[in-house]
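The values are calculated or read from the model by the stated rules, or taken from the named source; none is laboratory data. All of these numbers come straight from a predicted model, not from anything done at the bench. Here the Cβ positions follow ideal geometry from the backbone for every residue, glycine too, while neighbour counts run over all protein chains shown.
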C-alpha cells in the first residue's frame, strides 16, 4: 500500500486478497507503538474527486445514479476516481465534463475528506466550480455509467433530498459560505 504511515506503526505482513478495476483489498497485520497487534482487511483506493458545480441560480448540478451496494438510485455530486498520476483538479475537470457535459471557468478547492477511514484509504478532494458552460465537445462518460442530471440548491439537499456524504458535506460548506456572504 502506498500510504504515508506513522513510522511508529510496524507493518508485519501484507497480503493482496483481490485487485479490481477500482480498488485493491489487502490483509495487513500491524503492531501499534503500545505493542498491540491488529489484523486488518483494508480497501486501498487511488482517491477521488467530487465537484460542487454551482450554476448562476445557486443550484448545484447533480447526477442521479444507481448504486448497487445500496440497491437504489442516489442523488450525488458529479464525482470520479483519479487515474494514476493525475492531479485532483485535472480529475475534477475531466469528471465534470464526462458526467454533465459542462466545463467551469472558476475552480476553488472546497475541502478534502476521508469517507471511511476505518477500512478504506480513499481520500476525496471536493471542488467548487462556477462559471458553467456547455463543453465544446462532450467527453463520453464511462461505458458502465448511467445517470440523469438534476439541479438543486444546497439548502434543498440538506433538507433530506440525499444521504450521500460527499454531497451533504459540500452542501453544508456552501451554505456556510453563502450565509457569510449574506452577512448572517
- Which members of segment 85-106 meet the condition of being over 16 Å from the mean Cα position of the chain (by Cα) and within 25 Å of residue 20 (Cα to Cα)? 85
- Query: Given the conditions (1) assigned to a loop (DSSP other than H, G, I, E, B); (2) modelled with pLDDT of 95 or more; (3) over 18 Å from the mean Cα position of the chain (by Cα), which single one is not true for residue 143?
  - Reply: (2)
- Considering only residues that are part of a loop (DSSP other than H, G, I, E, B) and in contact (Cβ under 8 Å) with a residue 24 or more places away in the chain, look in segment 117-127 and name the one that is surrounded by the fewest Cβ atoms within 10 Å (Cβ to Cβ). 119
- Members of segment 93-107 that are in a helix (DSSP H, G or I) and surrounded by fewer than 17 Cβ atoms within 10 Å (Cβ to Cβ): 94
- Task: From 87, 24, 10, 28, grab the single residue that is touching a strand residue (DSSP E or B) at 6+ places or on another chain (Cβ under 6 Å) and over 19 Å from residue 120 (Cβ atoms).
- Result: 10
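Suppose the filter is without any contact (Cβ under 8 Å) to a residue 40 or more places away in the chain and either more than 30 Å from residue 27 (Cβ to Cβ) or in contact with a strand residue (DSSP E or B) (Cβ under 8 Å, 6 or more places away or on another chain) (or both); does residue 154 pass it? Full working, then the answer.
On the way: without any contact (Cβ under 8 Å) to a residue 40 or more places away in the chain: no; either more than 30 Å from residue 27 (Cβ to Cβ) or in contact with a strand residue (DSSP E or B) (Cβ under 8 Å, 6 or more places away or on another chain) (or both): yes.
No, not satisfied.
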